[in-house]
Structure formats: C-alpha cells, structure tokens
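This report concerns only the one structure given below.
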Amino acid sequence: QVQLVESGGGSVQAGGSLKLSCKISGDIFNRCAMGWYRQAPGKQRELLSTINKDPIITYIDSVKGRFTISRDNDRNTVDLQMTGLKPEDTAVYYCAVMATPGCSRYWGQGTQVTVSS
C-alpha cells in the first residue's frame, strides 16, 4: 500500500523560509517521479515542481529560483525547500506520485503554508 505523509508546513512572514518533507511508503519511490502541488483557496491545484529518479527536475516560473526540490532515495523522502516566501504562496501543499507509464497517481494529505505580509 502506498502512503504519502507531508510535514513541515506552518506560518511564516514574507521573505521567510520553510522546508516541506514527504515520506513515501511502498515500493514505488525508486521507480516513479514525484511532484509538489499547491492549492490556494478558490483556485485550482497547480503543479509546482517535479523530480524523477535520474533526477530530472522541473519548476514552474513563479517558484523558480525560490523553491528547491530534492529526493533522498535511501530515506524515501522528497523535500521542497522554500525561500523568499510571498503572501501569494499561501496554500495547502501536496506531494504526489506522478502518473506516468507504470506509475499511478497518489496524493498526500496536504500541509498548510501561510505567509503573512
């Protein structure tokens, strides 16, 4: 059974930093790409960053240079280091297993990030 558990959310002032971590159980971690998403109130969930096993990494423009994704294949974790946080980064953040050939989508429960101005 695949489970994803996020941690590290919280409240921070603008310009601050937070590190989110996602622990993945099950045997898919070393085969599948992972991603971090967020969903702000009243908005659609958006994909922020992905990392596969190589690792090949992608970011959307709005977080490029501020967020860093990484994975630890020994600990089965994927982290999102966030710096230079802005109020518009306020959202619930989710880690996910990316749906690709041979890999099904799985979601974590989400962790709240609140950035105050």
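The values are calculated or read from the model by the stated rules, or taken from the named source; none is laboratory data. Keep in mind that what you see is a predicted model, and the values were worked out from it rather than measured. FYI the Cβ positions are ideal-geometry reconstructions off the backbone, even for glycines, and counts take in every protein chain you see. With ligands, DNA and RNA removed, areas are computed over all heavy atoms of the protein, side chains included. Shrake-Rupley method; radii C 1.70, N 1.55, O 1.52, S 1.80 Å.
A few comments on the model shown:
- Among the residues of segment 1-25, those identified as open to solvent by less than 40 Å² (accessible area, probe 1.4 Å) and either in a loop (DSSP other than H, G, I, E, B) or in contact with a Pro (Cβ under 7 Å, 6 or more places away or on another chain) (or both) are Val2, Gly8, Gly9, Gly16.
- Residue match in segment 77-90 (condition: in a loop (DSSP other than H, G, I, E, B) and modelled with pLDDT under 95): no
- Candidate set: segment 32-45, residues that are over 11 Å from the mean Cα position of the chain (by Cα) and either part of a strand (DSSP E or B) or touching a residue at least 60 places away in the same chain (Cβ under 8 Å) (or both); chosen: the one surrounded by the most Cβ atoms within 10 Å (Cβ to Cβ): Cys32
- Residues within segment 91-104 that are under 13 Å from Leu47 (Cα atoms), part of a loop (DSSP other than H, G, I, E, B) and of a type outside the set (A, V, I, L, M, F, W, C), tallied: 0
- One residue from Ser117, Ser104 being under 15 Å from Leu4 (Cβ atoms) and open to solvent by 60 Å² or more (accessible area, probe 1.4 Å): Ser104
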